[in-house]
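S.K.: Take a look at this one; I'll ask things after.
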Amino acid sequence: MTKVQQTPAGTETTWKWPVDPTSYDRDPLLRPAEHTELDRLVQRWETGHPQWFQMPHPDLHRLLRPIHDVLNLTSAPVKFRRDALRILLMEMHRRYTSFWGWTLTDWIDVVGSDGQTFRNHYHVPPDCRQQLMAVGYILYCLSDFTVFGQCNLMSLAYKVFGEECVRTTLQRVRSELLRWGYGTYRATVYVARVLYTALLMNRSPYLEDLSKEVLDALHRGNIPDYLKREVVLISRVLTALGIIDKPLSPAPNTDELAGDHDTSSESLSVWREWSQRWSKTSTLAPRTRK
């Protein structure tokens, strides 16, 4: 029988989205004044004009305000802020449409299918790519990060939700897995990688906001099979914490054991006793037993 753990005192359970996309003018079409100002900016960039970033651009206020709001939220350094703004404005000029009207294909073209492609195209540091992804994600322009190839979802989750909040959530899952006897590396690396994806997919850093439906969608999504096992494992943690009613079923071709984990102190004591007995009586060399 799985022991249901209570939510720790003081744990937040409802996440409020930090930016309201509906508060902005999201017209996908550029206005004549906006396109004229973008023309001027592109000419300045082509001639190496160094002061464009500090100059006011009132005709672009509608486009710049939501981007600045997100970059303020992510605490983007000045260099990354400048590069992200230049890329977004340049691409809006090239497409003759605001970023609000970009399709997923447009975002892939801008952000790149992988980090190397992005760096080769724009010649900017990798973290600029993260800032662009944060803009699209926080403003509800995109949500599927699997199309962008390998990317640092931990860093993105920190930017969106705050590092302390994400670390606290990971620690709750990690502590439960370590109590069950899972290794530190698996609980800290593989499970963490899936947890960051689940939190971003669910648009909340709180375990209590995660549902079985979100985990099931992630489990069926475009992630490697070895990470699908970690989705099942996270669902078992949520079941043990009383957040969902039952865990996901493992895929037929995995080596994960089905069923609940008995996390009572008695079962853990029996497991430790068995492990110690095996270590003392095993015929394997001492280094091999570890």
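All of the numbers you see were taken from the coordinates with simple rules; none came from a lab. Note that the structure is predicted; figures quoted are calculated from it, not measured. Cβ: placed from backbone, ideal geometry, glycine included. Neighbour counts: every protein chain shown.
S.K.: Within the group Leu233, Leu238, Leu195, Leu200, which residue is within 24 Å of Val160 (Cα to Cα), assigned to a helix (DSSP H, G or I) and over 18 Å from the mean Cα position of the chain (by Cα)?
M.R.: Testing whether each residue is within 24 Å of Val160 (Cα to Cα), assigned to a helix (DSSP H, G or I) and over 18 Å from the mean Cα position of the chain (by Cα) leaves just Leu238.
S.K.: Condition first: in a helix (DSSP H, G or I) and either exposed (fewer than 15 other Cβ atoms within 10 Å of the Cβ) or not hydrophobic (A, V, I, L, M, F, W, C) (or both). Now tell me which residues in the stretch 148-157 satisfy that.
M.R.: Result: Ser155, single match.
S.K.: Output the residue which, of all residues in the stretch 24-78 that are part of a helix (DSSP H, G or I) and among the acidic types (Asp, Glu), is surrounded by the most Cβ atoms within 10 Å (Cβ to Cβ). If you could, list the steps in order and put the result at the bottom.
M.R.: The first filter runs over the stretch 24-78 and keeps only residues part of a helix (DSSP H, G or I), leaving 32-46, 58-73, 78.
Then drop every residue that is not among the acidic types (Asp, Glu), which leaves 34, 37, 39, 46, 59, 69.
On the way: Glu34: 21, Glu37: 19, Asp39: 11, Glu46: 8, Asp59: 17, Asp69: 17.
Filtering first and then ranking leaves Glu34.
S.K.: Would you confirm whether or not the stretch 170-187 contains a residue that is under 26 Å from Phe80 (Cβ atoms) and either more than 16 Å from the chain's Cα centre (by Cα) or of a type in the set (D, E, K, R) (or both)? Spell out how you get there, then give the answer.
M.R.: Our first condition is that a residue be under 26 Å from Phe80 (Cβ atoms); within the stretch 170-187, this holds for 170.
Within this subset, residues satisfying the condition of being either more than 16 Å from the chain's Cα centre (by Cα) or of a type in the set (D, E, K, R) (or both) are none.
There is no residue in the stretch 170-187 that is under 26 Å from Phe80 (Cβ atoms) and either more than 16 Å from the chain's Cα centre (by Cα) or of a type in the set (D, E, K, R) (or both).
S.K.: Residues of the stretch 46-63 being touching a residue at least 24 places away in the same chain (Cβ under 8 Å) and among the aliphatic types (A, V, I, L, M), which ones?
M.R.: The answer is Leu60, Leu63.
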